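Read the structure below first, then the notes.
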Amino acid sequence: SVDIDDYLYGSEDYPDPSRVLWESFPLENIDGETIRDDDAPRVIPLSWLRSGFKLSTCGNGLAMSEPQEDEWDNIRRTLPQNIRDGPLKGVKTLFPYNCKGVSAMLSLVTALLYSGVSLQKGTVSVDMDRVPFEELSLEERRMQFDVRLEDALSSLILVAAKAGAQRCKNKLAEYDKFLARRKMDPEEQSFYLQRRQQLEKRTHLCNVCWWDVDSATDTTSFPAGKDPMDVNVNNSFTNINDIKSYVRTHLRSFKEPGGCALLLETIIRCHGVEYTEHAFEGDGELLLCNCKDSLKHVGSSN
């Protein structure tokens, strides 16, 4: 038999933030207090919940987000004195106040903005007719930012979705060989063919994420200001060819605080949650939080 269960999961099967992304991060609430034990479902870290894809004031790239005032007060109470009152005093947008992974994510998307990447006929390419980002004035960058950000994020998601779809196609070919060898009665054949049909359908779909919708107002409930325990990741299937439409629909969610986490959650689900967890099994997590060790080093340096 060929195991295809990992490819037939429903979008409702993975409602929690991804273990492979967030397991190494401290389980703390907005006040810095430990809230769960290590066996509990993950929560998205605060520095990721405050980070979205927003254009910097100068327009040269994407900007880091600073802590909210109550979080900043907690940071000042808990960080070593030579960080709290030393050279980093008042600098809220840099490490150690933001996860270094956030900086890496923003740098990657900034590079894509400068590359002129776009989706053309279902593939990632460079639009040679588009004026390079570095040649635009500040006002032009602000006016074109949404369109170019949409292309950059869509490109990242499409690459992940196509990788996930190719694994489905490979598994489908393996499943077809299994069916060709197996002798089946009509009832058994109907069962296996139904599963094959489900698997074939999955080769055209990817799993995308979105935040909760407020039932009273029917609008997106953004993570800003929420306790991490109250932030849920919803997900559903969409056709791979509709990825750009998905990004356009949820572009504000990507630009608002939490947008960086939403992109990572979407990419993980496009690749396949089970596949990603198996790929990193025994090798640690996809994101490794070493902020506490780094803080000890900074705190002990002169």
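Summary of values
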read-out: Diffusion constant of region 88-206 at 10 °C, which comes from Stokes-Einstein with the Kirkwood Cα-pair radius and 1.306 mPa s, µm²/s; value: 87 µm²/s
read-out: Expected-Rg normalisation [2.2 N^0.38 Å, Cα atoms] applied to region 169-222; value: 1.88
read-out: Rounded accessible area of residue 8 (nearest 10 Å², 1.4 Å probe); value: 40 Å²
read-out: Region 146-226 - percent of accessible surface contributed by carbon and sulfur, probe 1.4 Å; value: 50 percent
read-out: Distant alpha-carbon pairs in region 122-270 (separation over 28 angstrom), percent; value: 39 percent
read-out: Projected area averaged over orientations for region 185-267, convex hull of C-alpha atoms, nm²; value: 7.7 nm²
read-out: Theoretical gain in end-to-end length, residue 184 to residue 143 [0.36 nm per residue, Cα-Cα removed]; value: 8.6 nm
read-out: Mean Cβ neighbour count within 10 Å, used as a protection proxy, ranking 265-276, 51-62, 134-145 highest first; value: 265-276, 51-62, 134-145
read-out: Three principal axis lengths of region 112-154 [C-alpha, angstrom, descending]; value: 30, 18, 13
read-out: Per residue accessible area in Å² of region 128-169, where ligands, DNA and RNA are left out and the probe is 1.4 Å; value: 50 Å²
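The values are calculated or read from the model by the stated rules, or taken from the named source; none is laboratory data. The shown structure was predicted, so the numbers you read here are calculated from the model rather than taken from an experiment. Heads up, the Cβs are rebuilt from the backbone with ideal geometry, glycines too, and the neighbour counts pull from every protein chain shown. These area figures cover heavy atoms from the full protein model, side chains too; ligands, DNA and RNA do not enter into them. Shrake-Rupley method; radii C 1.70, N 1.55, O 1.52, S 1.80 Å.
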